[in-house]
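Single-structure report; data block below.
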Protein chains: 2
Amino acid sequence: MSTLQLLSTNFCHGGEVRKYSHMSDTISGTLADSAGEGPSKMQFNVFVPPAALAGKKVPVPGHLPGRAHLQRGHRLPQGVRPAEGPGRAWDRVRRARHLPRGLAPVEGDRDNWDLGVGAGFYVDATVAKWVAGGYKMFSYVNHELPAVLGQLDILNGKMSIMGHSMGGHGALISALKNPGAFQSVSAFAPICHPTQCPWGKKGFGAYLGSEDQAAWAAYDATLLASAYQHPESGARLPMLVDQGEEDNFLKAGQLLPEALQKAVAAGTPAAEHIDATIRLHPRYDHSYYFIQSFAEEHVAFHAKHLGC
Amino acid sequence: MSTLQLLSTNFCHGGEVRKYSHMSDTISGTLADSAGEGPSKMQFNVFVPPAALAGKKVPVPGHLPGRAHLQRGHRLPQGVRPAEGPGRAWDRVRRARHLPRGLAPVEGDRDNWDLGVGAGFYVDATVAKWVAGGYKMFSYVNHELPAVLGQLDILNGKMSIMGHSMGGHGALISALKNPGAFQSVSAFAPICHPTQCPWGKKGFGAYLGSEDQAAWAAYDATLLASAYQHPESGARLPMLVDQGEEDNFLKAGQLLPEALQKAVAAGTPAAEHIDATIRLHPRYDHSYYFIQSFAEEHVAFHAKHLGC
């Protein structure tokens with residue numbers, strides 16, 4: 001496991017927002033600048049709260065961004081200058097968060113906004129060309145990243161996870177595939193049933209192969225929820241999902257919260273293992289304005305279950 | 001006064017974030033696409049809170065962005081696509097907030113990051129080439145914009161003003177040059193004494209001419225504060241200024257809060273007319289992380305003085 005490199009620190013709310021990079025053991029593949037294989041550079045942000053700065057060990061509620069916020073046109077990292085050439089600037093944005101850097105591009109990875117760079121769907125690809133491109137975000141998020149964070153020496157071992165849209169899907173499957181690993185899970189407008197929506201069918205078909213329905217099911221929150229068994233007898237996984245009713249992706253049948261709701265409804269076997277609250281909010285859409293409106297409640301939800 | 005055009009609406013915190021544009025009577029000059037003179041298109045955002053949606057008239061605390069956040073490399077409006085050509089995309093960003101659109105570029109307006117597009121210093125230029133370029137942001141913010149906002153028919157007439165960095169300077173001079181117009185004023189890391197800092201000398205020299213020291217003084221918060229007279233007998237202008245001690249622009253002598261502090265300190269004539277709180281915060285820098293850490297306190301400060 002490679003050493004963390006601190007890229008920047010900004011003091012914020014009495015704590016520190018730190019940006020780190022490291023060379024990944026998990027996200028590796030064909031290198032862009034040689035014929036060989038090797039690791040990709042990965043980058044993430046951590047907020048170190050005042051208590052951790054004072055030496056106290058703290059829990060970590062992780063957040064996975066969605067596809068739209070990994071891609072072009074949304075945010076540029078500070079300091080990117082047009083003088084470098086727009087291609088480079090855009091390329092940086094698109095690869096800035098959680099996708100491979102330093103690896104050779106996969107054929108077609110930039111041809112679709114819902115596939116490839118920025119849309120890894122938090123799965124471990126099994127189709128050769130995506131494997132070579134380092135598309136193993138499930139393992140990265142669930143195994144390597146927690147270990148890498150351990151290097152910071154500020155964590156008390158308790159984790160929870162949340163995310164938005166594709167990142168909400170990533171959060172749900174992380175908690176549902178790793179019973180007991182996360183104290184709680186929440187999502188803003190997640191892709192709840194990817195095996196049954198156009199985005200999921202396209203992404204899973206590409207990364208996992210169009211024939212392998214069992215592999216698809218293993219990354220579908222609704223199907224995983226139905227079979228979920230909580231490891232602690234009598235306890236349940238706390239789950240909070242918020243969804244805006246004016247979300248165009250909801251209307252287009254990409255998110256399908258009703259499927260997840262049905263899977264965990266009172267009286268189902270899943271309800272004995274998952275304590276789910278799924279809320280629909282009139283007038284809200286899919287944007288950051290929606291996320292920011294409910295972010296404080298999600299943080300409070302996780303804080304409660306993390307024992308803060 | 002031209003009609004407001006609604007560009008987008010996002011539901012947020014129970015209210016609406018609306019983006020508007022209009023053709024400005026104030027920001028006008030040589031048109032880019034003809035030999036004539038004419039108005040520039042201006043753009044701004046408004047948050048319409050739940051009470052206003054329900055028909056109640058509300059006050060408005062305005063916010064003026066700083067130079068860095070008006071310029072390249074910080075934020076792109078959602079929906080800008082690289083396919084349009086990076087030049088156009090960047091150009092939109094740089095002109096998106098409060099600078100002329102549709103006017104001919106001023107010679108040299110893009111050669112310096114601290115002068116020209118994105119760095120209008122919230123003054124009314126008197127030097128011919130900048131006048132022709134529509135550099136009249138003081139009049140726009142203080143006269144045209146409040147009138148334009150009146151078209152929304154949601155305001156109760158009470159206003160306050162805040163801003164960051166160059167926008168903090170804009171907020172301070174707006175309140176100090178218009179006694180009684182604003183119920184309160186606040187600023188994050190403002191340029192407090194522009195006639196005595198490198199940025200101010202360069203900007204004022206360009207827009208107002210290097211010879212006209214009286215014109216410079218009329219846009220300097222520290223000098224204006226010394227001479228400020230509150231119109232209401234016995235009342236004072238509430239002022240809140242926050243500044244991070246690790247702000248590189250503070251260290252470079254661009255912000256000079258100590259000059260403003262001295263001008264309004266207890267025992268000065270200004271202290272009888274201005275109720276100022278100027279706070280220095282260890283470890284904070286000039287970034288959005290600093291702003292977000294104290295934004296809630298500023299909003300509460302204005303809410304109190306606006307009678308919310």
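Each value in this text was obtained by applying a stated rule to the coordinates, not by laboratory testing. Just so it is clear, the structure is predicted and the values come from calculations on it, not from any experiment. Note: ideal-geometry Cβ built from the backbone for every residue, glycine included; neighbour counts use all protein chains shown.
Say R0 is 56 Å: what FRET efficiency, to the nearest 0.05, do A:T126 and B:S21 get from their beta-carbon distance?
Efficiency for this residue pair is about 0.70.
Rounded to the nearest 20 Debye, what is the dipole magnitude of the range B:5-305 about its Cα centre when Lys and Arg each give +1 and Asp and Glu each give -1 at the C-beta?
Working: 28 positive and 27 negative charges, 144 e Å.
Dipole magnitude for the range B:5-305 comes out near 700 debye.
Give a residue-ordered list of calculated ³J(HN,Hα) values for the range A:226-235 (Karplus: 6.51 cos²θ - 1.76 cosθ + 1.60, θ = phi - 60°; whole Hz; x for Gly, Pro).
4, 9, 5, 10, 6, x, 9, 4, x, 8
Counting DSSP beta bridges with both partners in the protein assembly as shown, what percentage is antiparallel, nearest 5?
Counting DSSP beta bridges with both partners in the protein assembly as shown, the antiparallel share is about 50 percent.
Among B:E16, A:E297, which comes first, second and so on when ranked by fewest other beta-carbon atoms within 10 Å?
Numbers: B:E16 19, A:E297 13.
Lowest to highest Cβ neighbour count: A:E297, B:E16.
Using DSSP H assignments, which helices in chain A have an axial alpha-carbon span of 18 Å or above and a mean Kyte-Doolittle hydropathy of -0.5 or higher?
A:288-305
Shortest first, in nm, what separates the label point of B:K41 from those of the same position in the other copies (7 Å along Cα→Cβ)?
3.9
Counting partner chain Cβ atoms within 10 Å of every residue's Cβ in B:7-14, what's the average?
Average neighbour count from other chains, rounded to a whole number: 6.
What number comes out for the charge environment of B:H286, summing +1 per Lys or Arg and -1 per Asp or Glu over other residues with Cβ under 12 Å away?
-3
Which order results if A:F294, A:F44, B:F182 are arranged by neighbouring Cβ count within 10 Å, fewest first?
The order, fewest Cβ neighbours first, is A:F44, A:F294, B:F182.
Say the dipole of the range B:5-305 comes from +1 at the beta carbon of Lys and Arg and -1 at that of Asp and Glu; which of B:L260, B:A271, B:I27 then lies farthest toward its positive end?
Value computed over the given set: B:I27.
Using modelled backbone amide H atoms (1.01 Å from N, in-plane), which distant-in-sequence or interchain residues come within less than 5 Å of A:H281's amide H?
A:Q243, A:G244, A:E245
What are the label-to-label distances in nm, one decimal and shortest first, from A:G150 to the same spot in the other copies, with labels 7 Å along Cα to Cβ?
List, nearest first: 6.6 nm.
For the protein assembly as shown, rounded, prolate or oblate, judged on the Cα gyration tensor with a ≥ b ≥ c (square roots of eigenvalues), a/c < 1.5 rounded, else prolate if a/b > b/c?
Values: a/c = 1.92, a/b = 1.73, b/c = 1.11.
Prolate, since a/c reaches 1.5 and a/b exceeds b/c.
Could you tell me which of rounded, prolate or oblate describes the range A:142-297, using a ≥ b ≥ c as the square roots of the eigenvalues of the alpha-carbon gyration tensor, with rounded for a/c under 1.5 and, failing that, prolate when a/b is larger than b/c and oblate otherwise?
rounded
Given the C-alpha centroids of the range B:138-166 and the range A:141-157, what is the distance between them in whole angstrom?
48 Å
Just check the range B:190-276 against the gyration tensor rule for me: Cα atoms, a ≥ b ≥ c as the square roots of the eigenvalues, rounded for a/c under 1.5, and otherwise prolate or oblate depending on whether a/b exceeds b/c. It would help to have the intermediate numbers written out before the result.
On the way: a/c = 2.75, a/b = 1.33, b/c = 2.07.
Verdict is oblate for the range B:190-276.
Give me the distance in nm between label points sitting 7 Å out from Cα along the Cα-to-Cβ direction at A:A266 and A:H230, one decimal.
Distance between label points: 1.7 nm.
Sort shortest first the distances from A:L280 to its counterpart in every other copy, using label points 7 Å along the Cα-to-beta-carbon line, and give them in nm.
Nearest first, the other copies' label points are 5.7 nm away.
Place a point 7 Å from Cα of B:A51 in the direction of its Cβ. Which residues in the range B:274-308 have their backbone N less than 16 Å from it?
Under cut-off, by backbone N: B:299-308.
Per residue of the range A:149-160, what does 6.51 cos²θ - 1.76 cosθ + 1.60 with θ = phi - 60° give for ³J(HN,Hα)? Whole Hz please, x for Gly and Pro, Karplus curve as stated.
Rounded to whole hertz, the list is 4, x, 4, 6, 6, 10, 9, 9, x, 8, 10, 9.
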